[in-house]
Amino acid sequence: MSFTVAIVGPPNVGKSTLFNRLVGRRIALVHELPGVTRDRREAEARLGDLRFKVVDTAGLDEATGEFLEAGMRRQTERALAEADVALFLIDARAGVTPLDRHFARWLRKAETPIILVANKCEATAGDAGVLESYALGLGDPIPISAEHGEGMGGIYEALRSFAEGGEEGAPAEEAGEAAERAAEAVEKARPLRLAIVGRPNVGKSTLANRLLGEERLLTGPEPGVTREAIPVEWSCAGRDIRLVDTAGLRRRARVTGALEKMTAEDAHRAIRLAEVVVLVVDGRAILEKQDLTIARTAADEGRAMVIAVNMWDLVEDREAALRALRDRLETSLPQVRGVPYVAISALTGKSVDKLMPAVFEAHRIWNRRVPTARLNRWLAEVLKHHPPPAVAGRRIRLRYVTQVKARPPTFALFASKPEALPQSYLRYLGNALREDFELPGVPLRLMLRKGKNPYARA
Ligand code: GDP
């Protein structure tokens, strides 16, 4: 038996975009002429192996002012009446608005189960909004980007129990794993966005050409005219790869014949566009200040990273070079502990074939989701063996932990007195999370929030 899902929420939070994403056809226009009354739209949707009917309430976007609330409510009530479950969408970038709170207050009383969905969460844009939204009392928000198709695994997980009359008996863990598999499948179908960054002359262009197997970057578009970057795509081990922002890689003959080199600005833009960053360094001068600056930018932007130690053919004492590298990583990049590195020679091609497998693995870890049940069993163990210190004679209680998003793995921890929890203990928890759930090398976010288990509805 199929089931029906309603998409509800205030105007402009992205309901139509999500509707389109689920239906897979562009039948709902996101921008429409004002003043035209639209009916609710319904269509068959699919998500992984789930088939369901989806109902969009976007028509109420045209109501304004005092009619807005009344119209919204009427539309939503109608949609809820015929739905088995509703996705309540908010715009996480805008944070929780008074309208969201108002909406949530009466949704909490609805008979239809409500799933809170925080939209517009691409990159780190929605992080604060996601955290804030716990206060709506509708349980764990599912962060997504309807526009970019991110977070669909989370929606799959949440909807799965409504399929086939509800497999509610399925243990949460199994559902979590199924969601992870679904998310992985969705991910694999899209090109992996890769950036190659590094100081001038470390061999980025040589490496890019090597990976592409042809001299494509060197013979780019018309020289000297535009700074616009053309994406370059190729495929490796059955995966499509898109090299983002090749502007900094492309050599362009100027009048003087000078080579254009990647600037810090190029590097930053490439990092922002990428999922995985390959940081190319010179094996003879490993992780210099400039290299570290780029690596830290990648970590701050929440990207996965692989270090390509290039010019390996020119390195005389390789053991010493590796020792130096490990040392530098340990002391200067603890925020991405366990970051993978591969020693290569872009010029001769030696070991370049080891780079992409490392990129895929980093991407997989970056996309990982740990089921909430496992996290909380882990938290209980941690608290037993290494409880937080008492502050002013009172213990800080850590009540609940959940992964709010992947890309990079981001966790929320609910505590009785978050402001009093020492940084050192937070670091300990972060490292333990990384170790125990096998999340090496990716930036890992651990956000603290005051409060109780958000599953307990207000
Ligand atoms: P980019 O500025 O980072 O793009 O660096 P290029 O790719 O232009 O490389 C700078 C110079 O280093 C060129 O002369 C390359 O031929 C050379 N080069 C690149 N990789 C290697 C390598 O692994 N070994 C050696 N010996 N030379 C390399």
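Could you work out the local net charge near Pro387, counting Lys and Arg as +1, Asp and Glu as -1, over the other residues with Cβ closer than 10 Å to its Cβ?
+3
Per residue, how large is the accessible surface of the range 274-320? Use a 1.4 angstrom probe and give square angstrom.
38
Simple spin-label model, 7 Å along Cα-to-Cβ: Glu265 to Ala390 in nm?
Spacing of the two 7 Å Cα→Cβ label points: 5.7 nm.
How far apart, in nm, are the 7 Å Cα→Cβ label points at Leu383 and Ala81?
The modelled label-to-label distance comes out at 4.4 nm.
Sorted by accessible area (1.4 Å probe), largest first, how do Asp240, Asp127 line up?
My answer, sorted largest first, is Asp240, Asp127.
Karplus couplings for the range 432-444 from phi (6.51 cos²θ - 1.76 cosθ + 1.60, θ = phi - 60°), rounded to Hz, Gly and Pro as x?
Coupling constants for the range 432-444: 5, 4, 4, 5, 6, 10, 6, 10, x, x, 9, x, 10 Hz.
For a 30 Å ceiling on Cα separation, which of these pairs sit above it: Lys120/Lys350; Lys405/Lys450; Lys384/Lys405; Lys53/Lys450?
Violating the 30 Å limit, Cα to Cα: Lys120/Lys350; Lys53/Lys450.
Label-point separation (nm) for Leu292 and Asn12, each offset 7 Å from Cα along Cα-to-Cβ?
A separation of 4.4 nm, rounded to one decimal place.
The values are calculated or read from the model by the stated rules, or taken from the named source; none is laboratory data. No experiment lies behind these values; they were computed from the predicted model shown. So basically every Cβ, Gly included, is an ideal-geometry build from the backbone, and we count neighbours across all protein chains shown. For accessibility, only protein heavy atoms count, side chains too; no ligands or nucleic acids. Shrake-Rupley method; radii C 1.70, N 1.55, O 1.52, S 1.80 Å.
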